[in-house]
Amino acid sequence: MTLLDDTDEARSLAVIGLGPRGVSTLERLTSALRAGHYPGHQLTLHLIDDAPHGGRIWDIDQTDTLCMNTPAHGMTLFSETDSTVTAPVVEGPTLYEWLQLQLAATGAPANTAGINSAKHALFASHPPANDLLSRYGTGRLVRFRPESFLPRAIYGYYVRWVFSTCLARLPEWVHVERHIARAESVTRSDHTDTITLSTGEQLTVSAVIAVTGWQQQPLSATEVRLQDAVDSYPNLRWFRADNPIEQQLDRIPARADVLIRGLGMSFFDTLALTTIERGGRFLPDDTSRSGLRYVPTGEEPTFYATSGRGYPFLPQGDYGQLQPPAALPRTKATIAELSARVAPGDSACIDYGRDVWPSVARDSYAAFLTVLARTQPDALRVPLAAALSEVDNTPVGPTVGAAGLAALDAVIAAVSTRSFSLTRWITPLTSTYDNTEQLTDAIARSLEFDIAEAAAGDNSPVIAALWSVGCARKPTQVLGAEGRYTHESRVQAFDRAIALGQMACSGPPLFRTRQLLALIDAGIVQFIGAQPALKVSVNTPNEKPNGTATWSVTSHNSGGHPVTADVLVDAWVHKPTIRQASHTRGRDGFIQSLIDGNLARPFAERTSTGEAAPTGSPAQDPETRRLITADGQPDPRIAMVGIPAHAQYPDTTISPPVPGTDPWFIQETDRAAVHTLRLLSAAWAGTRQQAVVSA
């Protein structure tokens, strides 16, 4: 490693991105600096983000209509006593505990019994400003429970408080410079890197930790065609995939027909922002099948919704408390066996469909039978132990779908009077209807079932089975990290299993699905079906500019009839990619500069025959999170943390981190922070030694 000059720049570090991961990185840096991981006496810390600190998704100025899909007590930005970290653990409150500590400080009723003294002490040493209490009032805050789904803005206040505690705890010899700007590029010299900001300012630094999150992505080939259509036909409107509060959805005209692609959380956000935010109201109504009645204002669009599966994400179960993780005995045993057999660094050595999926599926079906035996014992034709034995002794195919699950489905039919199959949610739409009205009616009836099961919470055998699949995501993702799954099995099986768990357990709170059903009954939402085909239909004899056109979507589920509209909303967020395309239209400048400077290369999976299959993630050194450069070596100065590494470390897309799970979120911010300080320490020691020799 090239030693750095003994200058101010040789003792400077830039953190790019100050969303939750960036703040966690700062917290780990603060802990490491206080513990002496950097022996210098001067360090300049540049903190760079053009969004308010805490990130755009958690902007405190956003409407309270947008809520989280993680419960209040299921979020923390602090390491815990059993965390796998190197810098000292600093115990801090979860989001729910933080709210309770604020309430207690005002004398309001608060639930602080389970909060330990270390968390109390940190809060007392760094009391938050009263802006949260001023906005929400104690009367509203005391109604929140550990399992409540809070407004996203509240998490934004929490992230800002953690940020302020980090700044306050930094050693006095650390000089902090905050830059409300975007890092647009990085260029390399022999001993330093220069970051150019959107303000035109240039920062010369000796190390960088990039925590860039959901970066601006280049237009895909399909999106280039969509943008070209918008440029050619002024009547067309396209809302490109992005965080919903960035999409300017208020520009959707009132009473417009809108095609919307994507049926996950962004879909539910879009509905909320164009109904509730336009004055619409959901009123309790015991006579309706959703339990709600929607009172429109006339300003709402009419949505025609579609996605790859064609079916909305499922509502989360209403447990009345925080739900503990599923037991997963079969999956855990399989992971332990494979982990013992697979050497560290081995790649393409596990076939997910053959080696892992059977245990995940058996755990799910066993969970169904276990809860069924507890809640509806008469539904079992044999004792539970015998039914579970049948599950354990039944072959499961490597396909995440009907073919692989047929034998387990047969077991359920044989041992129970109640049917169950995961295939129903893997491919929720299998029938063809004459039109969107018939399809929408069928989906609405299915949503009634989903609502009833979610409302039953831990008394629902179906919810237990789906929860099991959802809980299997993290351990199976960790098992397959660093490319240990073969490329074929990841694409053909693993990705489908993760998508099933995401649809089942990362969907909206139950009240959002009730609202969706009410909007269907109000005629505001219809469904087009799965595997949609989108095209531009030109309404004039030629395709000259200033003509008119419409977006047109078809799906076999609604008879293949085109559904047309002038407005198209893409309701999802692109995963970051560093893969080169034939163009860079829309690409984040910082990422492009890494590519152009040969400072990053794609992480490559391996096929079962050993061939390389490049992904969209930048390759990283596992221990330090430093980027791997084009020549295959760890970069001496740049580390990257979080979402961009989704292919190499799949669990990094999970945010916020869940307490009690030793989340990779915090493990990776700790690794990046500690190893970056070690690099700076080595450089500092080297320059001191050079100074002694020169003297």
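The values are calculated or read from the model by the stated rules, or taken from the named source; none is laboratory data. Everything quoted here is computed from the prediction, not taken from an experiment. Here Cβ is always computed from backbone atoms with ideal geometry, including for glycine, and neighbour counts include all displayed protein chains. Only protein heavy atoms, including side chains, enter the accessible area calculation; ligands, DNA and RNA are left aside. Shrake-Rupley method; radii C 1.70, N 1.55, O 1.52, S 1.80 Å.
Quick look at the numbers
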{"quantity": "Residue match in region 520-528 (condition: farther than 30 Å from T609 by Cβ, part of a helix (DSSP H, G or I) and of a type in the set (A, V, I, L, M, F, W, C))", "calculated": "yes"}
{"quantity": "Selection within region 532-565 - hydroxyl-bearing (S, T, Y), at pLDDT below 95 and either open to solvent by less than 20 Å² (accessible area, probe 1.4 Å) or not in a strand (DSSP E or B) (or both)", "calculated": "T540, T548"}
{"quantity": "Residues located in region 612-628, provided they are charged (D, E, K, R), part of a loop (DSSP other than H, G, I, E, B) and more than 21 Å from the chain's Cα centre (by Cα)", "calculated": "D621, E623"}
{"quantity": "Count of residues meeting criterion [among the acidic types (D, E) and out of contact with any Ser or Thr (no Cβ under 6 Å at 6 or more places or on another chain)] in region 345-386", "calculated": "3"}
{"quantity": "Residue within region 64-77 that is without any contact (Cβ under 8 Å) to a residue 12 or more places away in the chain, among the β-branched types (V, I, T) and either assigned to a strand (DSSP E or B) or within 23 Å of V674 (Cα to Cα) (or both) present", "calculated": "no"}
{"quantity": "Candidate set: region 268-301, residues that are under 28 Å from A499 (Cβ atoms), in contact (Cβ under 8 Å) with a residue 40 or more places away in the chain and not in a loop (DSSP other than H, G, I, E, B); chosen: the one farthest from the chain's Cα centre (by Cα)", "calculated": "T275"}
{"quantity": "The listed residue being open to solvent by 40 Å² or more (accessible area, probe 1.4 Å) and either modelled with pLDDT of 95 or more or assigned to a helix (DSSP H, G or I) (or both), out of A229, A124, A129", "calculated": "A124"}
{"quantity": "Sole exception among (1) farther than 17 Å from W238 by Cβ; (2) touching a Phe, Trp or Tyr at 6+ places or on another chain (Cβ under 8 Å); (3) open to solvent by less than 30 Å² (accessible area, probe 1.4 Å) for D269, by number", "calculated": "(2)"}
{"quantity": "Per-region count, region 377-387, residues open to solvent by 70 Å² or more (accessible area, probe 1.4 Å) and within 12 Å of R418 (Cα to Cα)", "calculated": "3"}
{"quantity": "Region 314-350, residues that are open to solvent by less than 30 Å² (accessible area, probe 1.4 Å) and either more than 17 Å from P475 (Cα to Cα) or in a loop (DSSP other than H, G, I, E, B) (or both)", "calculated": "L314, P315, Q316, G317, A326, L328, V342, A348"}
{"quantity": "Those residues of region 289-347 which are at pLDDT below 95 and β-branched (V, I, T), in sequence order", "calculated": "V342"}
{"quantity": "Search result, residues across region 629-668 that are within 15 Å of V208 (Cβ to Cβ) and either free of Cβ contacts under 8 Å to residues at least 24 places away in the same chain or within 13 Å of the chain's Cα centre (by Cα) (or both)", "calculated": "P634, G642, P644"}
{"quantity": "Test: residue in region 20-42 that is open to solvent by 10 Å² or more (accessible area, probe 1.4 Å) and touching a His at 6+ places or on another chain (Cβ under 8 Å)", "calculated": "yes"}
{"quantity": "Tally, over region 398-432, of residues that are assigned to a loop (DSSP other than H, G, I, E, B) and without any contact (Cβ under 8 Å) to a residue 24 or more places away in the chain", "calculated": "3"}
{"quantity": "Selection count, region 77-121, where residues are open to solvent by 30 Å² or more (accessible area, probe 1.4 Å), among the β-branched types (V, I, T) and either within 23 Å of A35 (Cα to Cα) or under 24 Å from the mean Cα position of the chain (by Cα) (or both)", "calculated": "5"}
{"quantity": "Pick from region 168-199, criterion without any contact (Cβ under 8 Å) to a residue 40 or more places away in the chain and of a type outside the set (D, E, K, R), ranking: surrounded by the fewest Cβ atoms within 10 Å (Cβ to Cβ)", "calculated": "S189"}
{"quantity": "Scope region 98-121; condition more than 18 Å from R160 (Cβ to Cβ) and of a type in the set (G, A, S); matching residues", "calculated": "A104, G107, A108, A110, A113, G114, S117, A118, A121"}
{"quantity": "Subset tally (residues that are of a type in the set (V, I, T), open to solvent by 30 Å² or more (accessible area, probe 1.4 Å) and closer than 20 Å to R579 by Cβ) for region 599-655", "calculated": "1"}
{"quantity": "Total residues in region 132-147, condition out of contact with any Phe, Trp or Tyr (no Cβ under 8 Å at 6 or more places or on another chain) and open to solvent by less than 30 Å² (accessible area, probe 1.4 Å)", "calculated": "3"}
{"quantity": "Residues satisfying the stated conditions in region 656-682, i.e. of a type outside the set (F, W, Y), open to solvent by less than 30 Å² (accessible area, probe 1.4 Å) and assigned to a helix (DSSP H, G or I)", "calculated": "I666, Q667, E668, T669, D670, A672, A673, V674, T676, L677, L680, S681"}
